[in-house]
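Undergrad: Handing you this structure, nothing more for now.
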């Protein structure tokens with residue numbers, strides 16, 4: 001085997017092989033698609049098992065600067081697969097509570113890893129986002145909805161407690177009072193209603209959804225990766241820190257940013273009245 005050149009790039013760790021999800025890369029933008037369209041992309045045990053696999057790779061190894069998350073067919077994600085719940089309830093020998101306790105632990109680890117992704121994550125919500133499907137949309141940094149999309153908490157409709165981070169993300173987006181009101185009333189929110197409430201940032205015609213998501217991904221991918229990584233990380237920690245502790249994090253982060261080539265490029269371009277080109281170094 002020929003030794004690797006000292007000046008060559010290290011081999012990229014390829015994405016994992018997936019069955020219920022598909023993953024594509026176009027330049028520096030990746031697209032993760034929930035791919036159980038006949039079941040409205042409901043989360044089966046198999047899909048739940050695959051989510052942390054791809055999330056860990058995206059957080060630790062992906063050569064990307066933006067990610068789009070969407071669903072195949074006419075739904076984003078209908079939440080947990082209720083037919084799986086029903087089979088467990090009908091089988092006296094099956095401990096559905098123990099099974100769910102394990103699977104939701106796996107799902108939650110995936111969400112923790114998705115939130116570790118150091119680049120922007122954009123939900124392109126193409127259809128219904130209900131239950132844990134709404135939670136998946138909420139975990140993303142930016143949400144763009146098709147006019148065909150709708151949003152529903154949905155758990156109360158089957159008497160189940162919310163999961164997937166819904167009771168974490170919704171109060172941070174809406175405030176605790178509006179979050180509990182939404183969860184208890186549990187309407188089917190149209191895309192425009194979700195936009196008015198602040199759940200999504202943009203609503204577009206169905207045939208323009210992926211174009212709009214890619215445009216947003218390209219726009220955000222052009223930003224300095226250090227800035228994006230620190231903005232995401234600092235905001236995520238802000239609600240759990242005291243002001244004094246958080247200001248110390250901001251202090252060190254801005255000082256460290258001055259050691260990057262991107263900061264040098266950005267400052268020089270600003271003073272010259274030009275647009276910067278950030279390389280990620």
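Undergrad: Given N residues in the chain, what is Rg(Cα) / (2.2 N^0.38 Å)? It would help to have the intermediate numbers written out before the result.
TA: Numbers: Rg = 20.4 Å, N = 281, 2.2 N^0.38 = 18.7 Å.
That works out to 1.09 for the chain.
Undergrad: Also, quick follow-up: On full extension of the chain, what length is gained from residue 116 through residue 250, given 0.36 nm per residue of separation minus the C-alpha to C-alpha distance? The partial results should precede the final answer.
TA: Numbers: separation 134, 0.36 × 134 = 48.24 nm, distance 1.81 nm.
Value of the extension gain: 46.4 nm.
Undergrad: Going by alpha carbons, how many degrees (0 to 90, nearest 10) lie between the helix axis of 45-60 and the longest principal axis of the chain?
TA: For 45-60 against the chain, the angle is about 10 degrees.
Undergrad: Residue 264 versus residue 168, label points 7 Å from Cα toward the beta carbon: distance in nm?
TA: Label-label distance for residue 264 and residue 168, simple model: 3.8 nm.
Undergrad: Rank these for me by crowding, 38, 232, going from fewest to most other beta carbons within 10 Å. Spell out each step's value before the answer.
TA: Values: 38 8, 232 18.
So the residues, fewest neighbours to most, are 38, 232.
Undergrad: Can you tell me what percent of all Cα-Cα pairs in region 55-203 are more than 20 Å apart?
TA: On the way: 5473 of 11026 pairs.
Above the 20 Å cut-off, region 55-203 has 50 percent of its Cα pairs.
Undergrad: Please rank 177, 61, fewest neighbouring Cβ atoms within 10 Å first, as an exposure proxy. Present the calculation step by step, with values, prior to reporting the outcome.
TA: On the way: 177 9, 61 13.
Taking fewest neighbouring Cβ atoms as first place, the list is 177, 61.
Undergrad: 222 nm [θ] for the chain, helices only, -39500 (n - 2.57) per DSSP H run of 4+, per residue, to 500?
TA: On the way: 11 runs with 134 residues, N = 281.
Mean residue ellipticity at 222 nm (helix-derived): -15000 deg cm²/dmol.
Undergrad: Just rank 84, 57, fewest to most, by other beta-carbon atoms within 10 angstrom. Spell out each step's value before the answer.
TA: On the way: 84 20, 57 16.
Least to most surrounded, the residues fall as 57, 84.
Undergrad: Calculate the FRET efficiency for residue 271 and residue 236 from the Cβ-Cβ distance with a Förster distance of 35 Å, rounded to the nearest 0.05.
TA: 0.65
Undergrad: Using 0.36 nm times the number of residues separating residue 243 and residue 157, minus their current alpha carbon distance, what extension gain do you get? Walk me through the numbers before you get to the answer.
TA: Values: separation 86, 0.36 × 86 = 30.96 nm, distance 3.98 nm.
Taking 0.36 nm per residue and subtracting the Cα distance, the gain is 27.0 nm.
Undergrad: How much of the DSSP beta bridge set in the chain is antiparallel, as a percent to the nearest 5?
TA: Values: 8 of 29 bridges.
Among the beta bridges of the chain, antiparallel pairing accounts for roughly 30 percent.
Undergrad: A further question follows. Along the three principal axes, how long is region 225-272 when you take its alpha carbons, biggest first, rounded to the nearest angstrom?
TA: 38, 17, 15
Undergrad: Counting pairs of alpha carbon atoms under 8 Å apart in space and at least six apart in sequence, what relative contact order in percent does the chain give?
TA: Numbers: 460 pairs, mean separation 43.5, N = 281.
Dividing the mean separation by the residue count of the chain yields 15 percent.
Undergrad: For the chain, find the longest principal axis of its Cα atoms and tell me its angle to the long axis of helix 209-221, 0 to 90°, nearest 10.
TA: 40 degrees
Undergrad: Next up: Taking each pair of distinct Cα atoms in region 115-208 once, what is the resulting Kirkwood hydrodynamic radius in Å?
TA: Result for region 115-208, one decimal place: 13.2 Å.
Undergrad: Obtain the nm distance between the two label points defined at residue 97 and residue 25 by a simple spin-label model: each point lies 7 Å from its Cα along the Cα-to-C-beta direction.
TA: Simple spin-label model gives 4.5 nm for this pair.
Computed from the coordinates by the stated procedures, all read-outs in this text should not be read as laboratory data. None of these values were measured; they are calculated from a predicted model. For neighbour counting, all protein chains shown are included, and Cβ atoms are generated from backbone atoms with ideal geometry for every residue, glycine included.
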